[in-house]
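**Q** Just passing along the structure, written as structure tokens.
The values are calculated or read from the model by the stated rules, or taken from the named source; none is laboratory data. All values derive from a computational prediction rather than experimental measurement. Note that each Cβ is placed from the backbone with ideal geometry, even for glycine, and that neighbours are counted across all protein chains shown. These accessible areas exclude ligands, DNA and RNA; they are computed on the full protein's heavy atoms, side chains included. Shrake-Rupley method; radii C 1.70, N 1.55, O 1.52, S 1.80 Å.
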Amino acid sequence: FSVLQLVEALGLSLTSSQPHTRARGVQLLSEVLQECYGNLTEREVEVLIAFYENRLKDHYVVTPPVLQGLKALTRCTALPTGSAVSMLRSLFQDVHVQVKLDIIRIQNYFNESTELKGLGADFVFGFVQSMDGERDPRNLLLAFQIAQNIINRGYDLGKFTEELFEVTSCYFPIDFTPPPNDPHGITKEQLIQALRAVLAGTPKFAEFLLPLLIEKLDSDVQSAKLDSLQTLCAFNVSVLILLFSVVIVSLQVFQTSSEKIESAGLAALTALTSCLSRSVLNSDSEDSLSTFLDVVLKDCKHHLCEPDLKLVWPSAKLLQAACSASNRASHIIAASAMPSLIEQYNTRTQRFELICVSVFHPSMLEESVFLAFRQSLCSMVFSALSETNSSLQITATSVLTSLAQQAGLLLDSDIELAVDHLTRLLLTEEDDRVRSASPLLSSTFFAYCSVYVFKIHVHVFHEVCWFPFLVSTFRVFRFAGQTASRAVSLFLDGDVSFLPDNSFPSNIHGYLTQQGDSWTQSQMVCLLMGCVCSLPRSVEVPQIDQLLSQLEEMSCSCSHPLSYTSAAKCFAALVNKRSQGDSLDSFIQRTMKRVCSELDSPSSPVRVQAFTLMIWVAKALLLRYHPLSTALTDKLFSLLDDADLGPMAAEGFSLLMSDSVDVLNRACHADVRIMYRQRFFSENSAKLVQGFNAAPQEKKSNYLKALSNIVNKLPKQVQVTELPALLSLLLEALSCPDQGVQLSTLSCLEPVLIDPPPALIQQLEALVSRLLALVGSPAMNVRIASLRCIHALSRFPILPFRARVLRALAQPLDDKKRLVRREAVQARGEW
């Protein structure tokens, strides 16, 4: 049979006086077409379309199989020109029953067709009719996608613009919860995104969308407010709408107590400002960005001048959000707001923090936004640094950092004055927060004024100051090679001839190299560490052998912890970057021999110093895959059984696996190979298990702590893979009395419990028992982490444990800490 012969053969059924008989005949034909639509000729398709269009006028019981046949015909490659328009006209005119799914799907098949544009507004009207009243989420998702395509492909909406908006916006905001075990997989987020793309897809919807958003923003439902603001972010609107929008956004930021609503409001303001910043200016048109920002400034500026600070910070956040959108917005806001803010400082000194929060945004550092206000800003900064108010001084150091990052804002005289102020704060200020902020500032500040660096830092060493913070100072020098040469010369030879105003005592060399009990005499190593440890590997460190020998000596003999630790770090950083070869190997072996000699002598007074040097050198070699790293890490494993150094050795594994802040990281140009943690774990996990099994009971906790420190630093996917082999040890670690081990182990387990391996499910009894025991831990962090793990266990086969867990969760429900009670409520609700 050909398909037309089949139609003739079905003649009696298709022309029967009984509607159900006609429906069965059409059903059989449609089922055949679903199997063979690819083989039909254009003439056959033309005849079949005419037949099916005629059948749409038949009894309503015939309509579903007719739609099934039309869907099959839409897949034909030989579809005649004009058939898409013809079929849709018939659908819109003749189908009046609720068969929405099939109609919408047929419309979707034709969505790519350029022919449909010929229908114009009639197609839009037909689509609106077919979608009206739809509730099936499958149909809605498809309908939103069709509506988006209608908009994006430039269909003529004609007089049905409002109807299309109404038929889609009636679902805003989406309130949909998928039923359990939903086979279709439609999510709330999919519907939200699809509907938002429609509502924000065309400026023609602006006049209808704005009242809707205002209505939803007045709602008490947080999700409705959030969805409204996020929709506003996605909407490309006219200036008039933006002027209304900024009022809406401002009200949300000023009035909300929700961080999410505030963040969404600020994001909406940034998006609106960014949209206008990209608009093209014509000579005869109004600057829409300036007009818009005038409204923003009008809303905010008067709050900045009020005695009551209640609305000051929301106003400052709004200004920041607008500034972050573009450089042009930053210039406009700075030009308008800065004079008022400077006047506020002159009349109310405490408003200095407001100036910083209002306008010193990272986006404003790309160009000299503040160049016109340079003199006033510098005067304010130095005035604030001279105040006795600690908060004001800390804020002033932050502003000084921002000013230093912009070329041309600080003159040489300003830099000298800044150095004097920072020196005074370091040496005389009693407030720890101020003394901490000053040297931390210098790492950025002195990158732009390096000629004054040694002056301040060497002055600081004739006095007692906060040496730990000096380590960050030299990371950003412009002249790395010259700086390194001077620092090494200063450290080894006491050469101060290059320092400005050479007014330092002749015995400064003693401060640099003496190894006596006076801890101030060895502190120059901090300065050296900050300088040479951050150098690129291409920069040659002068007198490297002599420098390494001096650092090794200081590491193994100095009695001051900061000094010998800094010396060990500096030594390790230089070893990490040194070229491979016999010279490096022999130097490392000589150092290892000395270190192991001290470690193997229980009576040695410098065992801790030797251990510190060993662990940092081990890290330096491990990062670069040096073959001698194995000897040092094996020595570290052996120290887990040491009576004095065992706990320190266990903590040492955390240092090996963690990222170091000040040395041995990529920012300091260290040689760091990828996946070094995974490699270390795969090579040493078996040693750890064997050592634990052989260790006496009193030493097992060291092995558990070491295991916890190693596993906790591994990537989560590696943890999941390796967990089965280590599960017994991790369960033991949960029983370890050390709270640090407990917390570290819990943090490892929590992500694994989301998608547990079979080995974990087999140990469910032991795991539940240990977790419930930790619910009453004296440490709040342990209680919270254990409750989160118990929460995650609710996904397991939990029925045998349910009653016991619910009884145990009664205790944390009355915990004195709110955070613990919150986790307990969530866990108990899931169980």
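**Q** What is the packing order of peptides 524-533, 571-580, taking the mean over residues of other C-beta atoms within 10 Å and listing the highest first?
**A** 524-533, 571-580
**Q** Could you rank 332, 261 by how accessible they are, 1.4 Å probe, largest area first?
**A** Values: 332 40, 261 5 Å².
Result, largest first: 332, 261.
**Q** Within the accessible area of the stretch 383-426, what % is carbon and sulfur when the probe is 1.4 Å and the other protein chains stay in place? Please list the in-between numbers first.
**A** Details: 790 of 1630 Å².
Ligands and nucleic acids excluded, carbon and sulfur reach 48 percent.
**Q** Residue 819 versus residue 305, label points 7 Å from Cα toward the beta carbon: distance in nm?
**A** 4.3 nm
**Q** Moving on to the next point. Along Cα→Cβ, 7 Å out, is where each label goes; now give me the distance between the ones at residue 291 and residue 20 in nm to one decimal.
**A** With each label placed 7 Å out from Cα toward Cβ, I get 6.8 nm.
**Q** Could you order peptides 679-687, 616-624 by the average number of other Cβ atoms within 10 Å of their residues, highest first? Don't skip to the answer; put the middle values down first.
**A** On the way: 679-687: 15.4, 616-624: 24.2.
Result, highest mean first: 616-624, 679-687.
**Q** So how do 788-794, 159-165 stack up, highest first, on mean other-Cβ count within 10 Å?
**A** 788-794, 159-165
**Q** Same structure, new question: Beyond 14 Å, how much of the Cα-Cα pair distribution for the stretch 739-792 remains, as a whole percent?
**A** Counting pairs separated by more than 14 Å, the tail of P(r) holds 48 percent.
**Q** For the stretch 1-42, what % of the accessible area comes from carbon and sulfur atoms, probe 1.4 Å? Don't skip to the answer; put the middle values down first.
**A** Working: 1380 of 2650 Å².
Carbon-and-sulfur percentage of accessible area, whole number: 52.
**Q** Taking 0.36 nm per residue of separation and subtracting the Cα-Cα distance, what length does fully extending residue 57 through residue 214 add?
**A** Value of the extension gain: 52.0 nm.
**Q** Please arrange 761, 754 by accessible surface area, largest first, computed with a 1.4 Å probe and ligands excluded. Display every interim value, and only then the final one.
**A** Numbers: 761 70, 754 105 Å².
Final ranking, largest accessible area leading: 754, 761.
**Q** Using a 1.4 Å probe, what is the accessible area per residue for the stretch 526-589, in Å²?
**A** Roughly 35 Å² per residue, with all protein chains present.
**Q** How much length is gained if the chain between residue 631 and residue 830 is pulled fully straight, taking 0.36 nm per residue apart and subtracting their Cα-Cα distance, in nm to one decimal?
**A** Numbers: separation 199, 0.36 × 199 = 71.64 nm, distance 4.93 nm.
Roughly 66.7 nm would be gained on extension.
**Q** Over the alpha carbons of the stretch 622-761, what is the largest minus smallest coordinate on each principal axis, giving the biggest first in Å?
**A** Taking the Cα atoms of the stretch 622-761, the three principal extents are 43, 38, 24 Å.
**Q** Ok, one more. For a label point 7 angstrom out from the Cα of residue 89 toward its Cβ, which stretches of the stretch 40-74 have the backbone nitrogen within less than 17 Å?
**A** From the stretch 40-74, the list is 46-57.
**Q** Same structure, new question: My understanding is that a pair violates if its Cα-Cα distance is over 25 Å; which of 569/700; 569/713; 216/317 do that in this structure? Please list the in-between numbers first.
**A** Working: 569/700 30 Å; 569/713 21 Å; 216/317 23 Å.
Flagged as over cut-off: 569/700.
**Q** Can you work out the Karplus-derived ³J(HN,Hα) for every residue in the stretch 382-394? Use 6.51 cos²θ - 1.76 cosθ + 1.60 with θ = phi - 60°, whole Hz, and x for glycine or proline.
**A** Calculated HN-Hα couplings, in order: 5, 5, 5, 5, 8, 6, 8, 6, 4, 4, 5, 5, 4 Hz.
**Q** Using 0.36 nm per residue, how much length does the chain from residue 765 to residue 153 gain when fully extended, once their Cα-Cα distance is taken away? Display every interim value, and only then the final one.
**A** Numbers: separation 612, 0.36 × 612 = 220.32 nm, distance 5.96 nm.
Net length gain for the segment: 214.4 nm.
**Q** Would you mind working out the accessible area per residue for the stretch 729-804, using a 1.4 Å probe, and quoting it in Å²?
**A** Details: 3190 Å² over 76 residues.
Per residue, the stretch 729-804 has 42 Å² of solvent-accessible surface.
**Q** Additional query: So if the hydrodynamic radius of the stretch 554-673 is defined as the Kirkwood radius over C-alpha pairs, what does Stokes-Einstein give as its diffusion coefficient at 20 °C and 1.002 mPa s, in µm² per second? Walk me through the numbers before you get to the answer.
**A** Details: Rh = 14.3 Å.
The Stokes-Einstein estimate is 149 µm²/s.
**Q** Give the accessible surface of the stretch 47-99 per residue, rounded to a whole number of Å², with probe radius 1.4 Å and ligands, DNA and RNA excluded. Before the final figure, lay out the partial values.
**A** On the way: 2190 Å² over 53 residues.
With all protein chains present, the stretch 47-99 gives 41 Å² per residue.
**Q** Report, to the nearest whole %, how much of the accessible area of the stretch 631-696 belongs to carbon and sulfur atoms, 1.4 Å probe, protein only. Present the calculation step by step, with values, prior to reporting the outcome.
**A** Numbers: 1620 of 2920 Å².
On the stretch 631-696, the fraction of accessible area on carbon and sulfur atoms equals 55 percent.
**Q** Starting from the 7 Å offset along Cα-to-Cβ, what nm value, one decimal, do you get for the label separation of residue 462 and residue 579?
**A** 4.2 nm
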